[in-house]
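What follows is a single structure, written as structure tokens, with notes after it.
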Amino acid sequence: MKYLFTSMPVVSHLLPLVPLAQQLALDGHDVLVATTGPAADAARHAGLTTVDAGGRLDAREPYDRLLGVIARGESGHAANDAQALRVHGAFFGDVGLRMLDDLLRIGREWGARAVVYPGIHAGGLVAARALGAVGVLHGYGTPLPTFAPALEHMLANRDDLPDSVPEAEVEVDVLPPSLRNFAELPWTNGTPRHRLGMRYGSFNGAGDVPPWLLGERAAPRVILTCGTTEVLAGDTYRRVIEALDGTGCEAVVLSGGAVLDRLPDPLPPWVRVEEWLPLRFALGQSDAIVHHGGAGSLMTSFAAGLPQLVIPLPGTVSMSNGLTVEARGAGAVLDPTALDAAELAKAAADVLTSQAKREAAVAVRREMEDMPPVRTVAAQISSIVAERGEVVS
């Protein structure tokens, strides 16, 4: 069977889909990833076949403009407040509109039987329904419906689209049952007929491992990452490093290619800066993590059983992700718009030393290990797609 995977042109949106795509390919199915820009690069590096969707219309451009809006503090505060939903809906919807014609052409010419997409990429659902293919809504953190504000934006701006589009038939949910979802949104266009729990794959991309990461560490190690966004990177890294001074730890800053021109100068000898490390591997050799609240960082940290300090991006799901960590007792969340030096220092030290937070994180890791593996869910999805019969275009 032919599976079309798609995400917006953003690495962090594509990576959670990779384990399922790889498993389906191993099972003998045809897998094609339709996206552009950094997400397409990530798919190729994961050994997946890609086709450009949206590159000719610069589909990445609205997302980059959104990052500027977030950096200026104009995207709201909580992930599901009215301003955040409106802003993200417009920009994510524009990305979908720029990709949609390519997705439809590719899907028809190739004969896709299913379209797999993350919920924030409403263009994936529109394409699946237009193609008559099975829609597979792939969760990447806390479960959400296909992002209604983006879907509504797309439908309102294309005369050839229907007034409404039913929700996907299949949902893949990777959130362990004990974790609370603080970003719940209503399922306004129906609910999936099949809801499948799946163990999070923790695919963070490939990279070379430096020899020092393999050796026995002389001090507790803390990973600092803002994922693939530079919005909070420079100043946040500097303030966290200052807060960790005196804790006797080793800090590893993962820059993600960002220009970090606001780090302490000179850099303390206990701080390392690396452009990229496979996060799951690095966390397996570490003791705690400070991050921006992205879904990939959140879920990978839980999979590694590490306590987390979250300094989230305002007006994004990062805010609710931080609350999920705190509610589970596996770490803390701090408001990035009101960071207090003493509070930050206390929280940074606590994430390194709290036995209770470490035990809570390990409990979530064990819970994730008990969830159905990717191979089981891939077989379930293939059975569902097979029952639907051939695509009628």
Over region 1-113, average the accessible area per residue using a 1.4 Å probe and give it in Å², no decimals. 38
Across Arg60, Arg98, Arg238, the residue with the highest GNM fluctuation in the chain (Cα network, 10 Å cutoff) is Arg238
Please find, in a Gaussian network model of the chain (springs between Cα atoms separated by less than 10 Å), the residue of Asp102, Asp163, Asp41 whose mean-square fluctuation is greatest. Asp163
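Whole number in Å², please: accessible area per residue of region 296-340, 1.4 Å probe, ligands, DNA and RNA not counted. Spell out each step's value before the answer.
On the way: 960 Å² over 45 residues.
Result: 21 Å² of accessible area for each residue.
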So what's the gap between the Cα centers of region 35-62 and region 324-393, to the nearest angstrom? 26
1.4 Å probe accessible area per residue over region 169-273, in Å²: 49
Along principal axes, Cα extents of region 64-222, largest first, whole Å: 62, 39, 32
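Run lengths n ≥ 4 of DSSP H only: what is the helix-derived mean residue ellipticity at 222 nm for the chain, with -39500 (n - 2.57) per run over all residues, to the nearest 500?
Numbers: 14 runs with 164 residues, N = 393.
So the calculated ellipticity at 222 nm is -13000 deg cm²/dmol.
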Choose one answer from Leu224, Leu263, Leu20: the residue with the largest mean-square fluctuation in a GNM of the chain with alpha-carbon springs under 10 Å. Leu263
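Over region 31-183, what is the mean sequence separation of C-alpha contacts under 8 Å (at least six apart), divided by residue count, expressed as relative contact order in percent?
Details: 251 pairs, mean separation 29.1, N = 153.
Relative contact order, region 31-183: 19 percent.
Express as a percent, rounded to the nearest 5, the fraction of DSSP beta bridges in the chain (both residues included) that run antiparallel.
Here the share of antiparallel DSSP bridges comes out near 0 percent.
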Modelling each spin label as a point 7 Å along the Cα-to-Cβ direction, I'd like the Gln380/Lys346 distance in nm, to one decimal. 4.3
The chain - percent relative contact order, Cα under 8 Å, separation 6 or more: 17
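In what order, largest first, do Tyr200, Tyr117 sit by accessible area if the probe radius is 1.4 Å? Numbers along the way, then the final one.
Details: Tyr200 20, Tyr117 0 Å².
So, going from the largest accessible area down, we get Tyr200, Tyr117.
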To the nearest 10 degrees, how steep is helix 82-110 against the longest Cα principal axis of the chain, on a 0 to 90 scale? 50
Considering only protein heavy atoms and a probe of 1.4 Å, how much of the accessible area of the chain is carbon and sulfur, as a whole percent? 50
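The values are calculated or read from the model by the stated rules, or taken from the named source; none is laboratory data. Worth saying up front: this structure is predicted, and the values here are computed from it rather than measured. Using ideal geometry, Cβ is built from the backbone for each residue, glycine included, and neighbour counts are taken over all protein chains shown. Keep in mind that these areas ignore ligands, DNA and RNA; they rest on the heavy atoms of the full protein, side chains included. Shrake-Rupley method; radii C 1.70, N 1.55, O 1.52, S 1.80 Å.
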